[in-house]
Each structure stands twice: as structure tokens, then as C-alpha cells.
Amino acid sequence: MATERLNRYLSLAASVSRRVADEMVRNGRVTVGGVPVLDPGTLWDPSTQEVRLDGRTLVPVQEEKIYIMLYKPDNVVTTMKDREGRTTAPSLIGELSSRVFPVGRLDFHTTGLLLLTNDGEFAYRLTHPRFGVEKTYIAKLQSVPRPAELNVLRRGVAIEGKMTTPAQINFIEKKGGKAWVMMRIAEGRYHQVRKMFDAIGHRVTKLRRVAIGSLELSGVEPGEWRYLTSKEVREMNVYMDRRAVEVAGQKPPSDLPRPPKRFETPADRGKRKVIKQSINEAARKKEIEKEKAAAAAKAAERKGPRQPKPAWKRGAKHPGKKKSPPKPRGPFKKR
């Protein structure tokens, strides 16, 4: 049985905001199947029931699709409601004829492009990994990464035991020991961009999303929003169709035979253990030899080369002349 929320239907059919629709229901102006209803969240079946406002039947209307670009500022959450009372992204837009919801999420301290819509199919295509929609970020780093470190991100890095897909990295500039880097990824893990840079030893101090697929952040300042044009929506749908084909082509065919799984026998485990022990012993012997050689070199360096005795210590040598023994000396000297 198809059901629909009463306040949502009333908002569309009467062209009023959701809040006004709630007040109409609570004031007893709305009936469903001839019975007054006071709960705005009541579910009803459009195929078997009729909704009337002040005794007049409401004609069903098709919901208008809404697509919004929001420049999310700092310290804003992307949920519909927040228990801690923080500012939410939908609250920056205000009341519309139809309720919109954020597509995906941006972290609390991440700014930039956020899409909101009431089109569930559009949101599904944007967020599902099968379509591989790319997101572009500009990150300010606390330190300057080396090219080799950025190449690690280009190949993929392990985060919480799982490898990331290769990222597109462009180094923008460095100034005062800081660096600005642009990253494009087709994933959306929790704090992924920050964790990827943490993995190579560089902390992100500022992060802004500047593009989603073919759609770039433009025409809005932080905290402002605008409707997407029909051309932008059309281009996004074309982009998602193309990406779905590209992502499907990157995966191996599902009908490829898998190699048979090899099971290890007790004899194999014994051989592997003996080989591992011999490798460890050889490595240990090599370490001991290195330690001995280093100790000998250090001792030789501390002692230094042996120096010959000076001539005054060795005494004068005359060839062919023997040294006479010393004369005995009496107790008294002759005067």
C-alpha cells in the first residue's frame, strides 16, 4: 500500500511551506477520508483516500525537483537536525516549497560546495560508489610535502587497514613553510582527505571542496546558496552516466575463473618454519659481524696509530763503539 506523509502532500498541493502545512493540520482544517486529522505526520494512501482543506478537495500535484548549491561555511553540520544545537546546512537555506536534504556530507570544519535536493534518484547517483563521482578539494597543509610523498597518495595509501583508490594530486604553491595542494578523489570515507595527508606526515589545517564532478563552486560566498541551472543539472547527469561506464570498465569481468585456493599441509608449515629460522639466524649472524666490525673500528679510532719514540728518548747510537759500564763510586769524594 502506497503511503505519504500528510504535511508533505499538503505543502505541495496547497503551495505552502512545511511549517504552514503543519499549522493547517493542527488547527483542524484538514480531513483525510472525511475524518479530521490533527497530526501533521499522519500517513495516508492517495489511491484510496481523499484529502480536503477547509472542505475543498486538494488535487494531487507532482513535486517540483529542486537542486541547490550551498557554500558551506566553517562550524556547520550537514545533518537536518543537531542535538547539540549547532548550525545545520539546511537552516542556512530556510523554508522552501519542498523540503531539501544534503547530498553526502562535509565535515564540521570543512567548507565549500554542498548540494541539497529533493530528488532522491539524483542524490543516489551522486553518492553511490558505482557512479564514482569525483570530488575536488583544496587543502592547506601545515608543512610542505615532498614529491615522493605526494606520489604515495597518487598510488593509494592504507587508511585503517584499507587502501584508498589512486588520487589526482596537483601542488599549487608553498609560502611561509605552508603548502596548498589540490586533491581529487572518487571516494567519500569519513575524514578521508585529512587522514590521507596524515598518513604521509602532513596535517591539514584548512580544507575546502571546490567541485563535485563537472560542477564547480561559483557564484556564491560562504553561507550563501543558489539554484542550479537546468544546464548544470543536465551536465551533471551526463557526467554521472559517463563515470558509471568508466568505473564499470575498470573492474575485472565477473566471469573470470579464480585460481584454486591452496591449503597448507603440516609438512609445508614445518618447512616454512625451518626456512624462517635459518633466515633469522643468518640475519642475526650478519648483525653480530657488523657490530663487531663497528666496535673494532671505533676502538682503533679512539686509540689512534702508534707513534715512534722521539730521538731524545731512544738515546744516541754510535756504530762500532760499545758502551762502558759505569764506574763504582765510593762513599767519599776525593778533594
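The values are calculated or read from the model by the stated rules, or taken from the named source; none is laboratory data. Given the structure is predicted, the values throughout are model-derived calculations rather than measurements. Using ideal geometry, Cβ is built from the backbone for each residue, glycine included, and neighbour counts are taken over all protein chains shown. The area values use the complete protein model at the heavy-atom level, side chains included, leaving out ligands, DNA and RNA. Shrake-Rupley method; radii C 1.70, N 1.55, O 1.52, S 1.80 Å.
Rg and Dmax of the stretch 131-176, Cα atoms, in Å?
12.2, 39
Quick check on the stretch 115-225: take the gyration tensor over C-alpha atoms, sort the square-rooted eigenvalues as a ≥ b ≥ c, and tell me if it's rounded (a/c under 1.5), prolate or oblate. Walk me through the intermediate numbers first.
Working: a/c = 2.33, a/b = 1.37, b/c = 1.70.
Oblate shape, in that a/c is at least 1.5 and b/c is the bigger or equal ratio.
Could you give the length gained by full extension between Gln277 and Met163, i.e. 0.36 nm per residue of separation minus their alpha carbon distance, to one decimal place? Present the calculation step by step, with values, prior to reporting the outcome.
On the way: separation 114, 0.36 × 114 = 41.04 nm, distance 3.14 nm.
Value of the extension gain: 37.9 nm.
Give, in nm to one decimal, the length gained when the segment between Arg29 and Ala294 is fully stretched (0.36 nm per residue of separation minus the Cα-Cα distance). Write out the running numbers ahead of the final one.
Values: separation 265, 0.36 × 265 = 95.40 nm, distance 9.38 nm.
So the chain would gain 86.0 nm between Arg29 and Ala294.
Using a 1.4 angstrom probe on the protein heavy atoms only, could you order Glu224, Glu134 from most to least accessible area?
Working: Glu224 90, Glu134 40 Å².
Largest accessible area first, the residues go Glu224, Glu134.
Quick check: from the Cα gyration tensor, does the stretch 92-145 come out rounded (a/c under 1.5), prolate or oblate? Please list the in-between numbers first.
Numbers: a/c = 4.11, a/b = 1.55, b/c = 2.65.
Oblate is the answer for the stretch 92-145, as a/c is 1.5 or above yet b/c matches or exceeds a/b.
If packing is taken as the average count of other Cβ atoms within 10 Å, what order do 157-166, 75-84 fall into, highest mean first?
75-84, 157-166
State whether the stretch 1-49 is rounded, prolate or oblate according to the following rule on the C-alpha gyration tensor (a ≥ b ≥ c being the square roots of its eigenvalues): a/c under 1.5 gives rounded; otherwise a/b larger than b/c gives prolate, and the remaining case gives oblate.
Values: a/c = 1.94, a/b = 1.32, b/c = 1.48.
It comes out oblate by the Cα gyration axes.
Which of the pairs Lys206/Lys231; Lys162/Lys276; Lys72/Lys206; Lys65/Lys195; Lys174/Lys195; Lys65/Lys206 have their Cα atoms more than 25 Å apart in this structure? All intermediate terms of the calculation are to be shown ahead of the outcome.
Working: Lys206/Lys231 31 Å; Lys162/Lys276 28 Å; Lys72/Lys206 13 Å; Lys65/Lys195 36 Å; Lys174/Lys195 21 Å; Lys65/Lys206 33 Å.
Pairs exceeding 25 Å: Lys206/Lys231; Lys162/Lys276; Lys65/Lys195; Lys65/Lys206.
Accessible area of the stretch 1-154 with a 1.4 Å probe: how many percent of it is carbon plus sulfur? Don't skip to the answer; put the middle values down first.
Numbers: 3960 of 7990 Å².
Carbon with sulfur: 50 percent of the solvent-accessible area.
If I take R0 = 45 Å and measure r between the Cβ atoms of Tyr227 and Arg146 in this structure, what FRET efficiency does the formula 1/(1 + (r/R0)^6) give, to the nearest 0.05? Provide the component values of the computation, followed by the final result.
Working: r = 43 Å, r/R0 = 0.96.
So the FRET efficiency works out to roughly 0.55.
Assuming R0 = 30 Å, what is the FRET efficiency of Arg234 and Thr88, from their Cβ-Cβ distance, to the nearest 0.05?
Details: r = 29 Å, r/R0 = 0.97.
Computed FRET efficiency for Arg234 and Thr88 comes out at 0.55.
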